[in-house]
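The values are calculated or read from the model by the stated rules, or taken from the named source; none is laboratory data. None of the values given here were measured: they were computed from a predicted structure. Positions of Cβ are generated from backbone atoms using ideal geometry, with glycine treated the same way; all protein chains shown enter the neighbour counts.
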Amino acid sequence: MNIVTRFAPSPTGYIHIGNVRSAIYPYLLARQNNGKMILRIEDTDRARYVDGATELIEDTLEWLGLNWDEGPVIGGPNSPYFQSERKEIYLAWAKKLIEAGRAYADPTPPEQIEAYRRECNEKKVPFLYRNYRPKETPEWEIGMPLRFKTIPKEYDWHDEVMGDMHTGPEVLDDIILIKKDGFPTYNFAHIVDDAEMGVTHVMRGVEYLSSTPNYLALYEALGLERPKLVSLPHILAPGGNKKLGKRDGAKSVTEYREDGVLAEAMLNYLACLGWNDGTEQEVYDKEELIKNFSLDRIQTSGARYDETKLLWLNGQWIRKIFDEDGAETLFARTDGFWPEAAKTASDEYKIKVLSIIYDRLKTLSDLRTMTGYFFEDPEINLDLMINNKFLKKLSEAELENLLKQTINKLSGLSDWNAEALQDALNDLLQETGKKPAELFSLIRIAVSFAPFSPALNLTLEVIGREKTLARLNAVARAI
């Protein structure tokens, strides 16, 4: 089979975590089988359309490396790829149903339909519009909804994730095909588009499973072969008790990107959110995902969203890029994430800072909060020093004396490099009789006034002789 998949988002706002995962699996399947993935924009809901949302979708896919083979920007043989530009195609297919007696104009006012719904609620029976189908209908024209005339029956089908499925006639209804504004509903448009574009695998959220019988009825009425149906499990809120929503703390993909989450980590995390290859591996690059992906390893139950795991993976990817591709490659990804004081610093100096702190980063935006003291003198806060758990037993006189001993020792170094600094620090331990936690905490705080710093000798090497000694002297005077 020549596999064709599609990602068909609606441009209704920011792109959600769940939306992106619905693009990743079709992409992986298509690439694994030398097939193609189509990007199609489902923009027929004009009330919810948001300007700029399409460009955001495209930009996010490009950022993640999910390049499409047909769609906006690049075109293709099945254009146009915006549903709003395909109205005539839908009308032609609707005409086939009308001519076959399988679609009808619905003149019933909305308030009457609502009355039917209330009647069913009072009787505690499901509302099915087919039970209120008008006996006489006018010739259909735009301005009036067009409904599918269903034939209630049982359906059996196979879902590539959920397995063999069965439903009775009670779930089939006269769904709307074309709205009164002339635009198709999702229920109709996606079936027409998938058929026209040769889509072989339809991947979408499991919430569409209940609507599948109506889709099967449409395939049958239109004489179309069913594509393979793939229901993707819900992404659940952190508590695991409901579907992930905007109120559950998950940010948009754009926000994560702006916070310094790498594309590789986001792709890795979302691909494994509801799928695994049966191994203990957790870090996958795109090529490994393509190689290992399989539909039969998509889980049937919901996958709980865990931002802590995402950030852990991001830290793994930061280290992976640095270790495998070098400091310069990672540095090229850090633009815009440095503190304001770093603006005047050279790239060479920032690379030195990055080289000793990269393995502590969870996101690139951590650079803003973790590296400020490398670029400007920190504000002296003696309380931070005096209340430190390793230093609070020492008197101010002891603290001052230790700083002066440190200044004298470091001032006499002929070479200011990590090795020489470590030797000097080790000598100081012997000379002062202090524990590393005491002496090194004092020096670290006096130089950075930060909650933590990289290895002390590396920190001092990068800050440099002049600034290190100046800061130590300033703190000694302040005490």
TODO: Starting from residues that are in contact with a Phe, Trp or Tyr (Cβ under 9 Å, 6 or more places away or on another chain), among the polar types (S, T, N, Q) and touching a residue at least 12 places away in the same chain (Cβ under 8 Å), keep the ones in the range 299-341 and report whichever is farthest from Leu364 (Cα to Cα).
DONE: Gln299
TODO: Could you check, for the range 114-132, whether at least one of its residues is of a type in the set (Gly, Ala, Ser) and under 22 Å from Glu220 (Cα atoms)?
DONE: no
Open item on the list: Can you find, within the range 141-159, the residue that is nearest to the chain's Cα centre (by Cα) among those that are acidic (Asp, Glu) and in a loop (DSSP other than H, G, I, E, B)?
Closed with: Glu154
- [ ] Would you please list the contacts, defined by Cβ atoms under 8 Å and residues six or more apart or on different chains, that run from a residue in the range 52-78 that is on the phi > 0 side of the Ramachandran plot and small (Gly, Ala, Ser) to a residue that is assigned to a strand (DSSP E or B) and surrounded by 13 or more Cβ atoms within 10 Å (Cβ to Cβ)?
- [x] Gly71/Ile38; Gly71/Leu39; Gly71/Ile41; Gly76/Ile38; Gly76/Glu70
Task: Count of residues meeting criterion [part of a loop (DSSP other than H, G, I, E, B), within 32 Å of the chain's Cα centre (by Cα) and more than 20 Å from Tyr27 (Cβ to Cβ)] in the range 80-109 - done: 2
- [ ] Could you please find all residues in the range 63-79 being in a loop (DSSP other than H, G, I, E, B), under 28 Å from Tyr256 (Cβ atoms) and not acidic (Asp, Glu)?
- [x] Gly65, Leu66, Asn67, Trp68, Pro72, Val73, Ile74
Task: the range 428-479, subset among the small types (Gly, Ala, Ser) and not in a helix (DSSP H, G or I), residue surrounded by the fewest Cβ atoms within 10 Å (Cβ to Cβ) - done: Gly433
Task: Residue within the range 388-396 that is surrounded by fewer than 16 Cβ atoms within 10 Å (Cβ to Cβ) and either part of a helix (DSSP H, G or I) or at positive phi (or both) present - done: yes
- [ ] Give the range 41-54 a look and list any residue that's surrounded by 17 or more Cβ atoms within 10 Å (Cβ to Cβ) and either of a type in the set (Phe, Trp, Tyr) or part of a helix (DSSP H, G or I) (or both), or say none.
- [x] Ala53, Thr54
Task: Single residue of Ile38, Ile24, Ile57 found to be part of a strand (DSSP E or B), modelled with pLDDT of 95 or more and not assigned by TED's automatic domain parsing to the domain that holds His201 - done: Ile38
- [ ] State yes or no: is Leu384 outside any helix (DSSP H, G or I) and of a type in the set (A, V, I, L, M)?
- [x] no
TODO: Have a look at Gly71, Gly65 and point out the one that is under 21 Å from the mean Cα position of the chain (by Cα) and among the small types (Gly, Ala, Ser).
DONE: Gly65
TODO: Those residues that are aromatic (Phe, Trp, Tyr) and within 30 Å of Ile321 (Cα to Cα), I need them from the range 356-410; list them, please.
DONE: Tyr358, Tyr373, Phe374, Phe375
TODO: Name, by its number, the condition in (1) out of contact with any Asp or Glu (no Cβ under 6 Å at 6 or more places or on another chain); (2) surrounded by 15 or more Cβ atoms within 10 Å (Cβ to Cβ); (3) under 22 Å from Arg226 (Cβ atoms) that does not hold for Leu146.
DONE: (3)
- [ ] Just give me the residues in the range 258-293 being surrounded by 14 or more Cβ atoms within 10 Å (Cβ to Cβ), assigned to a loop (DSSP other than H, G, I, E, B) and among the small types (Gly, Ala, Ser), in sequence order.
- [x] Gly260, Gly274
Open item on the list: For the range 351-359, check the following and say yes or no: at least one residue is part of a loop (DSSP other than H, G, I, E, B), over 22 Å from Leu472 (Cα atoms) and not assigned by TED's automatic domain parsing to the domain that holds Ser441.
Closed with: no
TODO: Among what's in the range 369-381 and is surrounded by 15 or more Cβ atoms within 10 Å (Cβ to Cβ) and part of a helix (DSSP H, G or I), pick the residue that is nearest to the chain's Cα centre (by Cα).
DONE: Met370
Open item on the list: Pairs please, first residue from the range 456-479 and at negative phi, second anywhere and assigned to a helix (DSSP H, G or I) and among the aromatic types (Phe, Trp, Tyr), Cβ atoms under 7 Å, 6+ apart in sequence or on different chains.
Closed with: Leu456/Phe440; Val462/Phe374; Ile463/Phe374
TODO: Could you tell me whether any residue of the range 297-311 is surrounded by 13 or more Cβ atoms within 10 Å (Cβ to Cβ), in the same structural domain as Ala30 (by TED's automatic domain parsing) and over 27 Å from Val206 (Cα atoms)?
DONE: no
Task: Scope the range 248-303; condition touching a Ser or Thr at 6+ places or on another chain (Cβ under 9 Å) and on the phi > 0 side of the Ramachandran plot; matching residues - done: Gly260, Gly274
Task: Residues of the range 295-350 satisfying the condition of being basic (Lys, Arg) and part of a helix (DSSP H, G or I) - done: Arg297, Lys309, Arg319, Lys320, Lys343, Lys350
